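Below is one structure; the comments refer to it alone.
The values are calculated or read from the model by the stated rules, or taken from the named source; none is laboratory data. All figures in this text were calculated on a predicted structure; none of them were measured in a lab. Here Cβ is always computed from backbone atoms with ideal geometry, including for glycine, and neighbour counts include all displayed protein chains. Note: areas computed on protein heavy atoms with side chains; ligands, DNA, RNA excluded. Shrake-Rupley method; radii C 1.70, N 1.55, O 1.52, S 1.80 Å.
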Amino acid sequence: MNLIYCWLVTLRILFCYFLYRIGIGKRPNFTDRWDQVQVVYRQVTRMDSRIRLRGLERFPGKHPAVYAGNHTKLDDEFFVCYAVQEASDYTMRVRFVMRDDYFVGFPWSWLPVDMNEIAEMGGSHNISQGSVTLAQLRPLVDMLLEPDSFVIFPAGARSRTGLWFEYRDDMEGPGSIAFFLAQAQRKNPDVPVPAVPVGRTHNPVVGVSTVILGEPLFLEPGARRDAQRALDDNLILAISDLVEINMFHLLAGLIYLRCLHKLEAEVPRSALTEGVQTVLATLSSARYYDPALKSDLAGQLDRTLRYFQRYGMVRLVGDVVYCDR
């Protein structure tokens, strides 16, 4: 019965939005009925089965906070928001920063709705990429003073190469998260604002993403610019340590190196298994790795090889793998 009620509430908001689009009434917001809308969102996106959370013991437990993460997938912000909701047992939700032209071109421009506007209704704060104004940043500081929290990606644009961070030619460095902390703490010195590093690792073989919360970082009161830059640098390093290593990484690395060094294209499956085990044995205990590497190594290896074959990277013949250079 509760699920039906949640669907009715969500559909009513969508109906009011379509009325707004034709000039009748004000624009509604999903955030006004978020308790009901998030139930529908989780069902439609199957989020519960597509995400694994780690590091929730490091969750600050209250507002305000800035959650800063890597940006490799279109829906990263929703995964981080989900992690915060889960960590707070759905007593808290956060907003997120998004560029104002995030949804442009096909198919977004062909839809009867404005997806950038829909994102705003769901809690996004839209800014102009490459030409951010102080007027666009000030509301983010105000959020922290409410108090509230938001998700942001220091690298700015989404990585298109698979790199954890990808800096464009016009970028001198990551965006400053310390700026928001410093401004909020200057206006309210009694409330320290943590910067929480977050890492999302997507495994395309199994369709599951792991979101890891890192140890929160704090800016000392009255910190000058050099201290702010130090926090930004430390935050990037903290985010980079939140990769969850999985079979997709290990096997792709081994096959890539074989091709790069012009080794035999033909390799026994047992040799790849041995290579994966050797790498795993050298991993630092401080690193995160997919638990399935220990519980189902053979199954993960077979599934990943079949994934590579589907995309023409390898060819499987019995127990032999033929690498396509």
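Among the residues of region 18-71, what is the count of those that are assigned to a helix (DSSP H, G or I), in contact (Cβ under 8 Å) with a residue 12 or more places away in the chain and of a type in the set (A, V, I, L, M)?
Residues in region 18-71 being assigned to a helix (DSSP H, G or I), in contact (Cβ under 8 Å) with a residue 12 or more places away in the chain and of a type in the set (A, V, I, L, M): 5 in total.
Of all residues being among the hydrophobic types (A, V, I, L, M, F, W, C) and more than 26 Å from Leu74 (Cα to Cα) in region 183-216, which is surrounded by the fewest Cβ atoms within 10 Å (Cβ to Cβ)? Just the residue, please.
Residue satisfying both the conditions and the ranking: Val191.
Condition test on Arg54, is it touching a strand residue (DSSP E or B) at 6+ places or on another chain (Cβ under 7 Å) and open to solvent by 60 Å² or more (accessible area, probe 1.4 Å)?
yes
Of all residues in region 78-116, count the ones that are outside any loop (DSSP other than H, G, I, E, B) and either surrounded by 17 or more Cβ atoms within 10 Å (Cβ to Cβ) or within 18 Å of the chain's Cα centre (by Cα) (or both).
Residues flagged as outside any loop (DSSP other than H, G, I, E, B) and either surrounded by 17 or more Cβ atoms within 10 Å (Cβ to Cβ) or within 18 Å of the chain's Cα centre (by Cα) (or both) within region 78-116 amount to 16.
Among the residues of region 103-123, is any in contact with a strand residue (DSSP E or B) (Cβ under 8 Å, 6 or more places away or on another chain) and closer than 25 Å to Gly214 by Cα?
So far as region 103-123 goes, yes, one or more of its residues are in contact with a strand residue (DSSP E or B) (Cβ under 8 Å, 6 or more places away or on another chain) and closer than 25 Å to Gly214 by Cα.
What residue, of Leu219, Leu163, is out of contact with any Lys or Arg (no Cβ under 7 Å at 6 or more places or on another chain) and open to solvent by less than 20 Å² (accessible area, probe 1.4 Å)?
Of the residues listed, the single one that is out of contact with any Lys or Arg (no Cβ under 7 Å at 6 or more places or on another chain) and open to solvent by less than 20 Å² (accessible area, probe 1.4 Å) is Leu219.
Give me a count of the residues in region 6-24 that are loosely packed, with under 13 Cβ neighbours inside 10 Å and farther than 15 Å from Pro112 by Cα.
Here the count works out to 3.
Would region 58-72 turn up any residue that is open to solvent by 60 Å² or more (accessible area, probe 1.4 Å) and touching a helix residue (DSSP H, G or I) at 6+ places or on another chain (Cβ under 9 Å)?
no
Among the candidates Ser240, Ser176, which residue alone is in contact with a Phe, Trp or Tyr (Cβ under 9 Å, 6 or more places away or on another chain) and either open to solvent by 10 Å² or more (accessible area, probe 1.4 Å) or closer than 30 Å to Ala292 by Cβ (or both)?
Among Ser240, Ser176, only Ser240 is in contact with a Phe, Trp or Tyr (Cβ under 9 Å, 6 or more places away or on another chain) and either open to solvent by 10 Å² or more (accessible area, probe 1.4 Å) or closer than 30 Å to Ala292 by Cβ (or both).
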